[in-house]
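Please treat every number below as a calculation from the coordinates, not as lab data. Because the structure is a prediction, the values reported are computed rather than measured. Cβ: placed from backbone, ideal geometry, glycine included. Neighbour counts: every protein chain shown.
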Amino acid sequence: MNTAKGAIAFQQTNVVYPNGVVGMKDLNLNIEPGEFVVIVGSSGAGKSTLLRAINGLNRVTSGTVSVNGTPVPQKEGRELRELRKHVGMIFQDFRLVKRLSVMSNVLIGRLAHVAGWRTLLNLWPEHDRAIAMRALERVGITEKAWTKASQLSGGQQQRVGIARALAQEPAIILADEPVASLDPVTTHQIMRDLVTINQELGITTLVNLHFLDLAREYGKRIIGLKDGELVYDGSAKTVTESDFKDIYGREFTDDDLLNEDAKL
Amino acid sequence: MSAVLPKKPAKNWPLILGAGGFLLLMTIWSGTGIGFSLSELVCNIASGSRLLQESWPPDFGFLPRLVGPFMETVNIAIIGTVVGGMLSIPIAVLAARNLTTGKIVWFADRNFMNILRTLPDLFWAMLFATAVGFGPVAGALALSVFTVAVISKLWSESLESIDMGLPEAVRAVGGSWLEMIRYGAIPQALQTYVSYALYAFELNVRASMVLGLVGAGGIGMILESQRANFEYERVTMIILFVLVAVLIIEQFSSYIRNKLA
């Protein structure tokens, strides 16, 4: 689908928020193009901070984040827009324009690829409409293309969110708690979609999750964060119960599992 | 069965008497200040009643001659609303703390809006009349400014209360500031914009009649000329006509606004 590669590297990266909260502490991390990485940790551990540092939504205080060897620009502007053009993001709360059609929402993923005067006048080239339609096909909701986003179910809205990211023809997809507002059945569908997209298109995919069984089921590589620090980095196959205890700093309960019958 | 009510607290008589006395004193002071006296009012009531007698019945024969000027009034209001409504968009966006491009721009825009609102529509009519001459064009320009003053302030507050998640998502796909406004912010506040624009139109229909009094054209100008000629039966006719027309416009506008809400 595209030639841009999605390598990510953190070098001694720190994020301290204006209120003094440490979001990231001395992070060293390399992610190869095409990897599927699940990031786990309790709330406030710095999962979102990590994702948002990659597309420059959060500034880093010291150290560097780079994408394909280029440092992420630390101010708004043409360079940062150029980077974001190839980095898709999926949100817990979907973030769709509720009163617009599904198609219009997916076209938003083409904003950085199309001349500004065209996007402001809503005059999308045929080429970009075709890309948006293909993105909808991939998540299987072409028949909803002209439906208002507000009329879709949660799972369908998240699919539109994924299609919007795909329409960017991204090298990297960042999914920030993509299933936290969905029911268990929809959750598995969305996770499978993300895995399939990663396998078929080779898009580097980072997913924040707080359910441990989901992390283990869908992750290839698991990264554990605690208080902004990297405390685990390894294969999903070999992660143990005690590793999870280290990450969460406590015994875990049924609340940490999506499916209460699942055993770790 | 009978519930025991706690003892009713005593009324604060000093406060009530104090406040009442203060209001009374203020009224007397203000009345003497402007030379208002009740006895004079009663003595002059006779001339008031003569005025009322001369004003009745309304001169229905005058009705056909009102339609043209009233249409002019409505035209002035429409131009004022459209031009002012379009100008309000950038002014409101830059005055919204969460969307503006920088502190200096925000501060300058806020103060610009405050100045527009402080000066009354009549002032703008006089100003534009000096610039382009007395007539409907001056009226339309004055109402454009008035519309900006009404919409931009109200709408910038609506814009400040939108969910910033969507604008951030537009930023995250690589969208520019304008694209963030176009796709992330405005869709969330579009309904309130239309609602405020209709409200501004209602105000403009009424304001354009006042502007007519000072020569900005429309039905206000006819009202003033008939009053100056002591044609009170025609004045009554104009007032009735305007009353009905304004009621119809307001009903229509509030119907649409309710549909949007």
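Points to keep in mind about this one:
- Segment A:54-82 residues that are away from chain B (no Cβ under 14 Å), paired with ones that are part of a loop (DSSP other than H, G, I, E, B) (beta carbon under 6 Å, 6 or more apart): A:VAL65/A:VAL72; A:ASN68/A:LYS5; A:ASN68/A:ALA7; A:GLN74/A:ARG59
- Counted residues, segment A:1-57 - those being assigned to a strand (DSSP E or B) and of a type outside the set (Asp, Glu): 23
- All of (1) over 18 Å from B:ALA169 (Cα atoms); (2) touching a residue at least 24 places away in the same chain (Cβ under 8 Å) hold for A:LEU121 with one exception: (2).
Conditions tested, residue by residue: (1) under 20 Å from the mean Cα position of the chain (by Cα); (2) within 8 Å of chain B (Cβ to nearest Cβ); (3) on the phi > 0 side of the Ramachandran plot.
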| position | (1), (2), (3) |
| --- | --- |
| A:PHE94 | yes, no, yes |
| A:TRP117 | no, no, no |
| A:ARG129 | no, no, no |
| A:ALA149 | no, no, no |
| A:ARG164 | yes, yes, no |
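- Residue in segment A:137-145 that is under 24 Å from A:LEU209 (Cα atoms), among the small types (Gly, Ala, Ser) and more than 10 Å from chain B (Cβ to nearest Cβ) present: yes
- Among the helices (runs of 4 or more DSSP H) confined to segment B:14-130, there are none with at least 2 residues that are within 30 Å of B:ILE249 (Cα to Cα) and touching a His at 6+ places or on another chain (Cβ under 9 Å).
- When B:LEU166 is tested against (1) more than 7 Å from chain A (Cβ to nearest Cβ); (2) buried (at least 19 other Cβ atoms within 10 Å of the Cβ), exactly one condition is not met: (1).
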